[in-house]
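The values are calculated or read from the model by the stated rules, or taken from the named source; none is laboratory data. Note that this is a predicted model, so its numbers are computed, not measured. Here the Cβ positions follow ideal geometry from the backbone for every residue, glycine too, while neighbour counts run over all protein chains shown.
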Ligand SMILES: [Zn+2]
Ligand SMILES: [Zn+2]
(Lines give C-alpha, C1' and ligand atoms only; values in the text may rest on other atoms or scores of the structure.)
(Ligands and ions follow the chains in the order given, each with its own letter.)
Protein backbone atom coordinates (compact mmCIF):
# COMPACT_ATOMS: atom_id res chain seq x y z
CA UNK A 1 0.00 0.00 0.00
CA UNK A 2 1.30 3.46 -0.92
CA UNK A 3 -0.03 6.91 -0.15
CA UNK A 4 -0.68 9.23 -3.09
CA UNK A 5 1.06 12.56 -2.50
CA UNK A 6 -1.44 14.42 -4.66
CA UNK A 7 -4.80 13.26 -3.21
CA UNK A 8 -3.52 11.76 0.07
CA UNK A 9 -5.43 8.52 -0.58
CA UNK A 10 -3.90 5.07 -0.12
CA UNK A 11 -3.55 2.98 -3.27
CA UNK A 12 -2.15 -0.35 -4.34
CA UNK A 13 0.46 -0.13 -7.02
CA UNK A 14 0.13 -2.05 -10.21
CA UNK A 15 3.48 -3.74 -10.54
CA UNK A 16 4.33 -3.34 -14.17
CA UNK A 17 6.48 -5.72 -16.11
CA UNK A 18 9.47 -3.41 -15.98
CA UNK A 19 9.56 -3.43 -12.22
CA UNK A 20 9.27 -7.21 -12.18
CA UNK A 21 12.14 -7.48 -14.62
CA UNK A 22 14.30 -4.89 -12.89
CA UNK A 23 13.65 -5.25 -9.18
CA UNK A 24 14.83 -2.25 -7.20
CA UNK A 25 15.52 -0.21 -10.33
CA UNK A 26 12.41 1.91 -10.36
CA UNK A 27 11.09 3.83 -7.39
CA UNK A 28 7.57 3.19 -6.16
CA UNK A 29 5.08 5.68 -7.58
CA UNK A 30 3.96 8.61 -5.45
CA UNK A 31 0.83 9.15 -7.58
CA UNK A 32 -2.24 6.92 -7.55
CA UNK A 33 -3.46 5.80 -11.00
CA UNK A 34 -6.40 8.23 -11.06
CA UNK A 35 -4.20 11.24 -10.17
CA UNK A 36 -1.60 10.19 -12.70
CA UNK A 37 -4.26 10.18 -15.41
CA UNK A 38 -4.96 13.84 -14.71
CA UNK A 39 -1.49 14.82 -15.95
CA UNK A 40 -1.65 15.03 -19.70
CA UNK A 41 1.43 14.44 -21.79
CA UNK A 42 2.04 16.87 -24.66
CA UNK A 43 1.83 15.39 -28.08
CA UNK A 44 1.69 13.95 -30.64
CA UNK A 45 1.73 17.40 -32.32
CA UNK A 46 3.65 20.26 -30.74
CA UNK A 47 5.53 23.44 -31.58
CA UNK A 48 9.03 22.32 -32.66
CA UNK A 49 10.61 25.34 -30.95
CA UNK A 50 9.04 25.38 -27.47
CA UNK A 51 7.17 22.06 -27.18
CA UNK A 52 3.71 23.60 -26.75
CA UNK A 53 0.83 21.24 -27.60
CA UNK A 54 -0.79 22.07 -30.91
CA UNK A 55 -2.97 20.40 -33.50
CA UNK A 56 -0.18 20.79 -36.05
CA UNK A 57 3.60 20.86 -35.98
CA UNK A 58 3.96 24.55 -36.84
CA UNK A 59 5.87 27.21 -34.90
CA UNK A 60 3.42 28.66 -32.31
CA UNK A 61 2.49 32.34 -32.01
CA UNK A 62 4.65 32.88 -28.93
CA UNK A 63 7.68 31.53 -30.75
CA UNK A 64 6.97 33.60 -33.86
CA UNK A 65 7.10 36.64 -31.61
CA UNK A 66 10.40 35.50 -30.05
CA UNK A 67 11.82 34.97 -33.53
CA UNK A 68 10.96 38.60 -34.39
CA UNK A 69 12.39 39.95 -31.13
CA UNK A 70 15.56 37.88 -31.26
CA UNK A 71 16.04 37.99 -35.03
CA UNK A 72 16.30 34.25 -35.35
CA UNK A 73 18.44 33.65 -32.24
CA UNK A 74 15.64 31.63 -30.74
CA UNK A 75 15.74 29.27 -27.80
CA UNK A 76 15.19 25.60 -28.52
CA UNK A 77 13.02 24.22 -25.75
CA UNK A 78 11.20 21.03 -24.91
CA UNK A 79 8.43 20.18 -22.48
CA UNK A 80 6.53 17.06 -21.44
CA UNK A 81 3.20 17.96 -19.83
CA UNK A 82 0.34 20.30 -20.71
CA UNK A 83 -0.29 23.08 -18.26
CA UNK A 84 -3.79 21.86 -17.35
CA UNK A 85 -5.81 22.18 -14.14
CA UNK A 86 -4.00 19.31 -12.42
CA UNK A 87 -0.58 20.77 -13.21
CA UNK A 88 -1.72 24.21 -12.11
CA UNK A 89 -2.99 22.81 -8.78
CA UNK A 90 0.24 20.90 -8.28
CA UNK A 91 2.35 24.03 -8.79
CA UNK A 92 0.15 26.21 -6.56
CA UNK A 93 0.51 23.71 -3.73
CA UNK A 94 4.25 23.23 -4.30
CA UNK A 95 5.21 26.87 -4.80
CA UNK A 96 2.60 29.04 -3.14
CA UNK A 97 1.77 26.82 -0.18
CA UNK A 98 5.21 25.30 0.20
CA UNK A 99 4.09 21.66 0.08
CA UNK A 100 7.66 20.44 -0.23
CA UNK A 101 6.92 16.73 -0.72
CA UNK A 102 5.27 17.47 -4.05
CA UNK A 103 8.71 17.86 -5.61
CA UNK A 104 8.63 14.04 -5.70
CA UNK A 105 5.54 14.15 -7.93
CA UNK A 106 7.32 16.56 -10.27
CA UNK A 107 10.38 14.30 -10.29
CA UNK A 108 8.27 11.30 -11.16
CA UNK A 109 6.55 13.16 -14.00
CA UNK A 110 9.80 14.59 -15.39
CA UNK A 111 12.17 11.64 -14.89
CA UNK A 112 11.64 9.67 -18.15
CA UNK A 113 12.25 12.77 -20.31
CA UNK A 114 15.04 14.11 -18.09
CA UNK A 115 16.97 10.86 -18.41
CA UNK A 116 17.17 11.43 -22.16
CA UNK A 117 18.64 14.95 -21.88
CA UNK A 118 22.26 15.28 -22.96
CA UNK A 119 24.40 18.35 -22.23
CA UNK A 120 27.69 19.42 -20.67
CA UNK A 121 25.90 21.45 -17.98
CA UNK A 122 22.41 21.46 -16.52
CA UNK A 123 21.50 24.87 -15.09
CA UNK A 124 18.31 25.30 -13.06
CA UNK A 125 16.47 28.64 -13.29
CA UNK A 126 16.96 30.13 -9.81
CA UNK A 127 14.31 31.37 -7.39
CA UNK A 128 14.63 34.93 -6.01
CA UNK A 129 16.45 35.15 -2.66
CA UNK A 130 13.33 36.27 -0.77
CA UNK A 131 11.22 33.37 -2.09
CA UNK A 132 13.99 30.97 -1.28
CA UNK A 133 14.15 32.31 2.24
CA UNK A 134 10.38 32.22 2.70
CA UNK A 135 10.04 28.61 1.51
CA UNK A 136 13.36 27.37 2.81
CA UNK A 137 14.23 25.78 -0.53
CA UNK A 138 14.74 26.60 -4.18
CA UNK A 139 11.76 25.09 -6.00
CA UNK A 140 13.38 24.24 -9.34
CA UNK A 141 16.66 23.06 -7.82
CA UNK A 142 14.81 20.62 -5.52
CA UNK A 143 12.93 19.06 -8.42
CA UNK A 144 15.94 18.40 -10.62
CA UNK A 145 18.68 17.82 -8.04
CA UNK A 146 18.08 14.06 -7.59
CA UNK A 147 17.78 13.57 -11.36
CA UNK A 148 20.79 15.39 -12.84
CA UNK A 149 24.17 16.89 -11.86
CA UNK A 150 23.28 20.59 -11.53
CA UNK A 151 25.47 23.67 -12.01
CA UNK A 152 24.34 26.80 -10.09
CA UNK A 153 25.43 29.17 -12.83
CA UNK A 154 22.69 31.77 -12.41
CA UNK A 155 21.30 33.87 -9.57
CA UNK A 156 18.19 36.04 -9.43
CA UNK A 157 18.09 39.63 -8.20
CA UNK A 158 16.31 40.36 -4.94
CA UNK A 159 12.95 42.08 -5.27
CA UNK A 160 12.30 40.68 -8.72
CA UNK A 161 9.09 38.91 -7.70
CA UNK A 162 7.80 35.67 -9.13
CA UNK A 163 6.56 35.39 -12.70
CA UNK A 164 3.63 33.30 -11.49
CA UNK A 165 2.23 36.29 -9.63
CA UNK A 166 2.05 38.49 -12.73
CA UNK A 167 -0.41 38.62 -15.61
CA UNK A 168 0.74 37.85 -19.13
CA UNK A 169 1.49 41.46 -20.09
CA UNK A 170 3.51 42.10 -16.93
CA UNK A 171 5.43 38.87 -17.51
CA UNK A 172 6.36 39.90 -21.01
CA UNK A 173 7.57 43.28 -19.80
CA UNK A 174 9.58 41.86 -16.93
CA UNK A 175 13.16 43.11 -16.84
CA UNK A 176 16.25 40.96 -16.91
CA UNK A 177 16.64 39.69 -13.35
CA UNK A 178 19.23 37.00 -13.82
CA UNK A 179 22.95 37.41 -13.44
CA UNK A 180 25.94 35.12 -13.19
CA UNK A 181 26.16 33.55 -9.74
CA UNK A 182 29.20 35.24 -8.14
CA UNK A 183 29.92 32.03 -6.24
CA UNK A 184 30.50 30.28 -9.51
CA UNK A 185 34.05 30.85 -10.61
CA UNK A 186 35.37 29.36 -13.77
CA UNK A 187 34.55 29.23 -17.40
CA UNK A 188 32.09 27.18 -19.32
CA UNK A 189 32.04 25.81 -22.84
CA UNK A 190 29.83 23.39 -24.69
CA UNK A 191 26.12 22.71 -24.42
CA UNK A 192 23.96 23.95 -21.56
CA UNK A 193 20.39 22.91 -20.85
CA UNK A 194 18.40 25.34 -18.72
CA UNK A 195 15.84 23.66 -16.48
CA UNK A 196 12.52 25.11 -15.34
CA UNK A 197 9.21 23.86 -14.01
CA UNK A 198 6.86 25.75 -16.35
CA UNK A 199 7.35 27.53 -19.66
CA UNK A 200 4.60 30.16 -19.69
CA UNK A 201 5.50 33.03 -22.01
CA UNK A 202 9.14 32.07 -22.44
CA UNK A 203 10.25 35.40 -20.92
CA UNK A 204 12.03 33.78 -17.97
CA UNK A 205 13.92 31.21 -20.02
CA UNK A 206 14.95 33.76 -22.66
CA UNK A 207 16.31 36.04 -19.93
CA UNK A 208 18.17 33.16 -18.32
CA UNK A 209 19.59 32.21 -21.72
CA UNK A 210 20.62 35.83 -22.41
CA UNK A 211 22.48 36.07 -19.09
CA UNK A 212 24.48 32.94 -19.93
CA UNK A 213 25.09 33.94 -23.54
CA UNK A 214 26.42 37.34 -22.51
CA UNK A 215 28.97 35.76 -20.17
CA UNK A 216 29.79 32.71 -22.29
CA UNK A 217 29.05 33.53 -25.94
CA UNK A 218 30.62 30.28 -27.12
CA UNK A 219 28.04 28.16 -25.32
CA UNK A 220 25.06 26.57 -26.95
CA UNK A 221 22.00 27.02 -24.71
CA UNK A 222 18.76 25.04 -24.89
CA UNK A 223 16.02 24.56 -22.33
CA UNK A 224 13.72 22.01 -20.78
CA UNK A 225 10.54 22.62 -18.81
CA UNK A 226 8.27 20.01 -17.26
CA UNK A 227 5.17 21.84 -18.42
CA UNK A 228 4.26 24.16 -21.27
ZN1 LIG B 1 -4.06 10.33 -5.99
ZN1 LIG C 1 6.40 27.56 -29.62
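Would you say residue 122 is buried (at least 16 other Cβ atoms within 10 Å of the Cβ) and without any contact (Cβ under 8 Å) to a residue 40 or more places away in the chain? No.
When 38, 49 are screened for being at pLDDT 95 or above and within 16 Å of ligand 1 (Cβ to nearest atom), only 38 passes.
Name the residue, out of 157, 169, that is at pLDDT 90 or above and closer than 26 Å to residue 73 by Cα. From the options 157, 169, the qualifying one is 157. Number of residues in the range 77-136 that are closer than 17 Å to residue 41 by Cβ and in a strand (DSSP E or B): the value is 5. For the range 76-88, state whether one or more residues are within 30 Å of residue 190 (Cα to Cα), out of contact with any strand residue (DSSP E or B) (no Cβ under 7 Å at 6 or more places or on another chain) and away from ligand 2 (no atom under 16 Å from the Cβ). No; the residues of the range 76-88 include none that is within 30 Å of residue 190 (Cα to Cα), out of contact with any strand residue (DSSP E or B) (no Cβ under 7 Å at 6 or more places or on another chain) and away from ligand 2 (no atom under 16 Å from the Cβ).
Pairs are defined by a Cβ separation below 9 Å, a sequence spacing of at least 6 or placement on different chains, a first member in the range 168-180 that is assigned to a loop (DSSP other than H, G, I, E, B), and a second member that is exposed (fewer than 10 other Cβ atoms within 10 Å of the Cβ); the pairs so defined are 177/159.
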